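Taking it in order: structure first as C-alpha cells, then the write-up.
The values are calculated or read from the model by the stated rules, or taken from the named source; none is laboratory data. Only a predicted model underlies this, so the values are computations on that prediction, with no experimental measurement involved. Glycine also receives a Cβ, built like all others from the backbone with ideal geometry; neighbour counts cover every protein chain displayed. Areas reflect the complete protein model, heavy atoms only, side chains present, ligands, DNA and RNA absent. Shrake-Rupley method; radii C 1.70, N 1.55, O 1.52, S 1.80 Å.
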Amino acid sequence: GILFQADRAGNLVVSTVVKDGPAYKAGTVKRGDVLYEVDGVNVYRWAARDVGIKLMGTRGSIVYLCFLRKGSLYEVMISR
C-alpha cells in the first residue's frame with residue numbers, strides 16, 4: 001500500500017510506502033513522489049477521496065500509476 005498526504009497546493013504526496021506491499025516490492029515509489037495519473041487519468045490536484053475511489057479495484061488486478069518526482073514523470077504497474 002501507499003499512504004498519501006495532501007500538500008498545501010492540493011497534491012497527493014507519498015508519505016509512506018508500506019513495507020512488503022505491492023508498491024514496496026515494485027521498488028520505484030518513494031516518499032515525496034506526487035501522484036499524477038491513475039490508469040491514464042490525470043488526477044493531479046484531485047481531492048483525496050476521489051483519488052481513493054479511482055484507486056479501488058479488484059484484488060489482484062493491475063493499476064498503472066504515474067508519479068512526478070523532481071520534475072520528471074515515471075509510471076509503475078502495481079497489483080492491487
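So the values come out like this:
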read-out	value
Identity of the residue in the range 25-52, over 18 Å from Met77 (Cβ atoms) and at pLDDT below 90, that ends up surrounded by the fewest Cβ atoms within 10 Å (Cβ to Cβ)	Arg49
Any hit, the range 14-24, residues being under 13 Å from Ile78 (Cα atoms), hydroxyl-bearing (Ser, Thr, Tyr) and at pLDDT below 90	yes
Subset tally (residues that are in a strand (DSSP E or B), open to solvent by 60 Å² or more (accessible area, probe 1.4 Å), of a type outside the set (S, T, N, Q) and free of Cβ contacts under 8 Å to residues at least 24 places away in the same chain) for the range 1-24	1
Selection within the range 58-69 - in contact with an Asp or Glu (Cβ under 9 Å, 6 or more places away or on another chain) and either open to solvent by 80 Å² or more (accessible area, probe 1.4 Å) or among the small types (Gly, Ala, Ser) (or both)	Tyr64, Arg69
Enumeration of residues in the range 33-71 that are assigned to a strand (DSSP E or B) and among the aliphatic types (A, V, I, L, M)	Val34, Leu35, Val38, Val41, Ile62, Val63, Leu65, Leu68
